[in-house]
1. So, of the residues in the range A:340-376 that are crowded, with 23+ Cβ neighbours inside 10 Å and among the small types (Gly, Ala, Ser), which turns out to be nearest to A:Lys425 (Cα to Cα)?
2. From the list A:Ala470, A:Ala460, exactly one residue is within 7 Å of another protein chain (Cβ to nearest Cβ) and in contact with a Gly (Cβ under 7 Å, 6 or more places away or on another chain). Which is it?
3. Would you tally the residues in the range A:346-373 being closer than 17 Å to B:Ser72 by Cα and part of a loop (DSSP other than H, G, I, E, B)?
4. So, in the range A:372-413, exactly how many residues are among the hydrophobic types (A, V, I, L, M, F, W, C), within 7 Å of chain B (Cβ to nearest Cβ) and within 20 Å of A:Met337 (Cα to Cα)?
5. Just wondering, is there one or more residues in the range B:121-139 that are surrounded by 16 or more Cβ atoms within 10 Å (Cβ to Cβ), at negative phi, among the aromatic types (Phe, Trp, Tyr) and more than 29 Å from the chain's Cα centre (by Cα)?
6. Any residue in the range A:113-132 that is under 20 Å from A:Thr234 (Cα atoms) and part of a helix (DSSP H, G or I)?
7. Look through the range B:91-107, keep the residues that are in a helix (DSSP H, G or I) and among the polar types (S, T, N, Q), and return whichever of them is farthest from the other protein chains (Cβ to nearest Cβ).
8. Looking at the structure I just gave you, is B:Leu110 at the interface with another protein chain (Cβ under 9 Å from one of its Cβ atoms), modelled with pLDDT of 90 or more, under 30 Å from A:Gly385 (Cα atoms) and under 23 Å from the mean Cα position of the chain (by Cα)?
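The values are calculated or read from the model by the stated rules, or taken from the named source; none is laboratory data. Note that this is a predicted model, so its numbers are computed, not measured. We place every Cβ from the backbone using ideal geometry, glycine too, and count neighbours over all the protein chains shown.
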Amino acid sequence: MATTTSDIQTEIDKHDDHAGHDDHHHGPEKGLMRWVKTTNHKDIGTLYLWFAFIMLLVGGAMAMVIRAELFQPGLQLVEPQFFNQMTTLHGLIMVFGAIMPAFVGLANWQIPLMVGAPDMALPRMNNWSFWILPFAGAMLLSTLFMQGGGPAFGWTFYAPLSTTFAPDSTDFFIFAIHMLGFSSIMGAINIIATILNMRAPGMRLMDMPLFVWTWLITAFLLIAAMPVLAGAVTMMLMDRNFGTSFFDAAGGGDPVLFQHIFWFFGHPEVYIMILPAFGVVSQIIPTFARKPLFGYSSMVYATASIALLSFVVWAHHMFLTGMPIAGQMYFMYATIMISVPTGVKVFNWVTTMWRGSMTFEVPMMWAIAFVMLFTIGGFSGLMLGIAPADIQYHDTYFVVAHFHYVLVTGALFSIIAAVFYWLPKWCGRMFNEKLATIHFWWAVISVNVLFFPQHFLGLAGMPRRIPDYALQFSDFNMISSIGGFAFGASFFLLTYIIVDTIRNGKPVKEARVWESAKGLEWTVATPAPLHTFDEAPTRELILAESSHTGSH
Amino acid sequence: MLSTGYSIHSPLRYKLAPFLLMLILIVCLPSMAHADFGVNLPEGVTPISNKIYGLHMTIFWVCVAIGVVVFSVMIYSMIFHRKSKGAVAANFHESTAIELVWTLVPLAILIMIAVPATRVLIDLENTDEAEMTVKITGYQWKWQYEYLDEKISFFSNLAKGAREATRDAEKRGSIDHYLLNVDKRLVLPINKRIRFLMTSNDVIHSWWVRDLGVKQDANPGFINDSWATITKPGIYRGQCAELCGKDHGFMPIVVEAKTQEDYDVWIKEQKAIAAAAAAAGDREWTKDELMVKGQEVYSTSCAACHGVTGQGVPGAFPAMAGSKVVTGDVKEHIKTVMDGRAGTAMQAFKGQLDDAAMAAVITYERNAFGNNTGDLVQPATIKAAR
């Protein structure tokens, strides 16, 4: 143990030296051009994260419009057509603008640091894949100001509502989706190339931290799924403008074909948004439980099996489209099978905590909230997977509650956990711990007030995507809206905490920001210098920093 | 060690209390499920809806049981395995045996759920041996019901007054079943195996009545089916469940289940009404008659898109006031209403409105909203144009 520690110390000293050296010679450009021209993984990671944060606020503002309209029955604030544009763009922006770019941002920052690589494998493509995003996002948002309004057919844009019956702006929406897809695919290629080629020579695949593993698998999902989405929107474009009838029965097509193609992308997409979250939580829990991650290899296999299963369950979104009974049975069995590897993950996290020596720093609290609330989302997911029961749940608020539990208290909470976990390393400053704790409880309580009653609303019969509702749904909608406003307000505090940390946070000097954290990222100086790992870390260092070999 | 690191120790109470609160919430949930204030599925009035309810409760309890076990272990370790309590971390991190157990036990639980689920599914999908058939067609934004055996067909729209009540809280409180009421109910006999055929005229809709345990997508160009045997007379309400455009929230479903005798009486009435409507198309109408009838038809069939005052929705639905079609050639106007406009949301009303209704609504459009054309369209003109 003693020798290992001194090795680490030497290694850190070396890196500190190199960092100072590099900064001296070729520091970044100043001003805006630094960010436009940057090929540095840390800069690009920062860009991704800020972009995602801004999009989160935009998408969140749309959610506030939705909850305000639903605060009481009747049409108070917006027209039904605009309400539909809000639900559609809220979904699209949160999925493609907030959650996915945020995870790519985390990947950019962390993967090179965690595998001991000096940068991403394809730095120029990295720059390009980021800079497509703001333009795609702007184009998507610009549809709101076009005649006839923006897309109003739900984020799943089922044909023919999105083809024959859609506003003219739909073609801009299609182009925006294409651009977002390009960006994602390039990001994924970069991540795979980095992980497979740029790992420190002493790092075997099964030595990689779980965040790196989950992102490697996610990147393959992206490469497989995004082209399918591109295919779907291209077929839409053809149906709308070039007289084809892919989704029009009158011309020999089939509207249900659209749903098959969409969900063949859409279901893997769901896992694209949750697998990196599993990775984040698998990094944080061992740190604050002071105990190696339980069942590292089973976590890797579980992630891989979830990824494979994600490609063969898509039609559980379509139980009511008139599928033959054999199809429904198959998709039901395959779907509920997913709860086995997912359960393994939850059990492993809980066992990692078991007989640990736990402290509850802010990232740990977010990780624990993730495990609990994601599990609740998992339960409702299991219920939805039972085909005959799905008859009563499908397209109701029960579904809305389900996917917000897995995507907000799941994916988003893990991103917030990750930011609190790594932010001190990124900027060399500690956040205001007291404010962050207040923010945590504020958010975690309000988010449950927001989404938990939606289970009841769904079971009581409220369909999703309606701007006005029957009077018996009034109480729960009001409670849900109050929770929504409180949860929305919590993001002002989060913004303040983050900006305050970056500007005035208490400086942190220790390389290992959290005393019990393991991983190569904690061996570089704090704040992480622009260039790290010019020299690959040694096998000894890699093993010593492994969070799962039991060298704690 | 290399660094002192960063670690905080605040009082436990303040850190863990809300987690306990959440646990209490989860434990309380089952009791709420039995309470009768709209937090759970109803058992419904068909064999299928009963079975779905049973299945739903089974899965629910399984989830609660698993949740209690997992969260208890978590909370126990959060309370007792804390550094501040002097807990020293163990170092175990692998056990193939345990991994196997928590792979196989959930698998066994899943199989236990899958067996009854499969049974219900098989029952649900068997639409054979139906004693009567109703064809349901979704339109933007109303339902058409066709009794295939009786040759009766009608449309069911959002009830009168509901559209105005969306902007008027007082009206909302006073009208019957705000947004869940229609102008004409689907009347069905009890204790008869009824087969439903679902299709759509435009976009995808989904016909959903919870108490019947029926929800099935209505796809344009295709026919899906489902079935129900209603065991209790009563009124059962539902809504369209698939986003179908602007007024998706405004196309309710109301089913009225009657005893066979009452149902037979109702069928007779419907046939008499149909005969009277056909006769009304054979006589000459006055302008006042046409305008009154026309306003009624306009508010149920046209106002959703073109607006109560004919203002339309810019960029999406054209205005009636001052419209070229409405103030121009009468023949063109009739053709548009009859056949719709291909590639737009304008439906063909040929099959939806009888001669008198269509003549009335066209007359109304040509003389309301400041379109004072003075034109009069008679049912006979429509008949000739068909």
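1. Ranking the candidates gives A:Ala367 first.
2. None of the others qualify; the one that does is A:Ala460.
3. So the count comes out to 3.
4. 7
5. Checked the range B:121-139: no residue is surrounded by 16 or more Cβ atoms within 10 Å (Cβ to Cβ), at negative phi, among the aromatic types (Phe, Trp, Tyr) and more than 29 Å from the chain's Cα centre (by Cα).
6. Taking every residue of the range A:113-132 in turn, at least one turns out to be under 20 Å from A:Thr234 (Cα atoms) and part of a helix (DSSP H, G or I).
7. Here the answer is B:Thr96.
8. Taking the combined requirement at face value, the residue does not satisfy it.
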